[in-house]
């Protein structure tokens, strides 16, 4: 496989770049190519040259996937080339390495936040405790990546026929439904996390932490995830039975009500619409508000219109609907630049497992954790 990668045409190389992580590691690929170059004098000079080119291509195309071990292999190889007085090859590899390291530094510098020292507990902790030990801003950023990933998959055709309201048509709006369920998942996650603590003091601390996460989501313009947190802590949620919100400091209570006001459906999401009208940065819209717009538009504009005595398709209706959808999805052109942070990223992506449980099972679990 490695020999073919080194000696074959671009088509196989491109395929290899896209799939190699499913069956091997970057460090193994690099070590084998380096061994081909350094350890087999019987190889034709052309193959040795191709080995060097393959290393350059691999570093260039897959740099962001390489770990520290892979970088060490490349640098040791460069030192070996120096000992062999292969100055041109040294310069060529150093140039690629320097360029990729510079690009990475620029990417980090242009991200929404500077690199931070993320705390990963030395000992095993529960998922709920992991979130409580994590920086609230980082949780919000990683949650924004999750929501952004769902939002970017939505296709224009998913907004037609109000298929998100008809279970038989769900496959036509699968990503729209996933976006709607994202808020439900966040709501259930927040509820379960707070209930997993048994003392009032710890439940209050957990609630404050989620309000802080919500505040960062607001600053990141991630309204879909924020909506889930607001729902969890609202008067209709299970948390209201704990009366935790009555025990939090007033500044956090005021902050929660500000967040709630931003995504409330009062007056047709008036506050939310005012906020997004002034946004020039990346944002994840509240899809609930947009679906309400579509439903209202479809109810007011019939699918057919009269041409004399004949009913014909109302093309003006569909053109206007397409314009609405295009404008809604156009916000994806301004994307987030947030680096993934583990283990938060994996945990929040796997959070959907909770939403996969039957609703009555989740509620039953909550009831057991609520006071009598």
**Message:** Suppose we keep only residues that are closer than 19 Å to residue 205 by Cα and at pLDDT below 60 within region 112-150. Which one would you say is nearest to the chain's Cα centre (by Cα)?
**Reply:** 119
**Request:** Would you point out the residue of region 259-279, among those that are touching a residue at least 24 places away in the same chain (Cβ under 8 Å) and surrounded by fewer than 14 Cβ atoms within 10 Å (Cβ to Cβ), that is farthest from residue 222 (Cα to Cα)?
**Result:** 268
**Item:** Residue among 336, 272, 318 that is modelled with pLDDT of 90 or more and either under 30 Å from residue 149 (Cβ atoms) or outside the structural domain of residue 153 (by TED's automatic domain parsing) (or both)
**Value:** 272
**Prompt:** Is at least one residue of region 99-107 under 22 Å from residue 344 (Cβ atoms), within 19 Å of the chain's Cα centre (by Cα) and either at pLDDT 75 or above or surrounded by 13 or more Cβ atoms within 10 Å (Cβ to Cβ) (or both)?
**Reply:** no
**Item:** Test: residue 172 is modelled with pLDDT of 95 or more, surrounded by fewer than 19 Cβ atoms within 10 Å (Cβ to Cβ) and out of contact with any strand residue (DSSP E or B) (no Cβ under 9 Å at 6 or more places or on another chain)
**Value:** no
**Request:** Evaluate region 199-222: report whether one residue or more is in a helix (DSSP H, G or I), free of Cβ contacts under 8 Å to residues at least 40 places away in the same chain and surrounded by 16 or more Cβ atoms within 10 Å (Cβ to Cβ).
**Result:** yes
**Request:** Restrict the check to region 179-194 and report whether at least one residue is under 16 Å from the mean Cα position of the chain (by Cα) and surrounded by fewer than 20 Cβ atoms within 10 Å (Cβ to Cβ).
**Result:** yes
**Prompt:** Which number in (1) without any contact (Cβ under 8 Å) to a residue 24 or more places away in the chain; (2) surrounded by 14 or more Cβ atoms within 10 Å (Cβ to Cβ); (3) under 26 Å from residue 142 (Cβ atoms) marks the one condition that residue 283 misses?
**Reply:** (1)
**Asked** Given 52, 38, 43, which one is at pLDDT below 75 and either touching a helix residue (DSSP H, G or I) at 6+ places or on another chain (Cβ under 9 Å) or more than 30 Å from residue 186 (Cα to Cα) (or both)?
**Response** 43
**Prompt:** Hey, among the residues in region 61-98 that are closer than 16 Å to residue 34 by Cα and not in a helix (DSSP H, G or I), which one's nearest to the chain's Cα centre (by Cα)?
**Reply:** 66
**Subset tally (residues that are crowded, with 18+ Cβ neighbours inside 10 Å and either touching a strand residue (DSSP E or B) at 6+ places or on another chain (Cβ under 8 Å) or assigned to a helix (DSSP H, G or I) (or both)) for region 138-165** = 17
**Request:** Test residue 326 against the criterion of being part of a helix (DSSP H, G or I) and loosely packed, with under 14 Cβ neighbours inside 10 Å, and give yes or no.
**Result:** yes
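Which members of region 223-269 meet the condition of being assigned to a helix (DSSP H, G or I) and modelled with pLDDT under 85?
Within region 223-269, 238, 239, 240, 241, 242, 244, 245, 246 qualify.
The values are calculated or read from the model by the stated rules, or taken from the named source; none is laboratory data. Everything quoted here is computed from the prediction, not taken from an experiment. Positions of Cβ are backbone-derived with ideal geometry, glycine not excepted, and every protein chain shown enters the neighbour counts.
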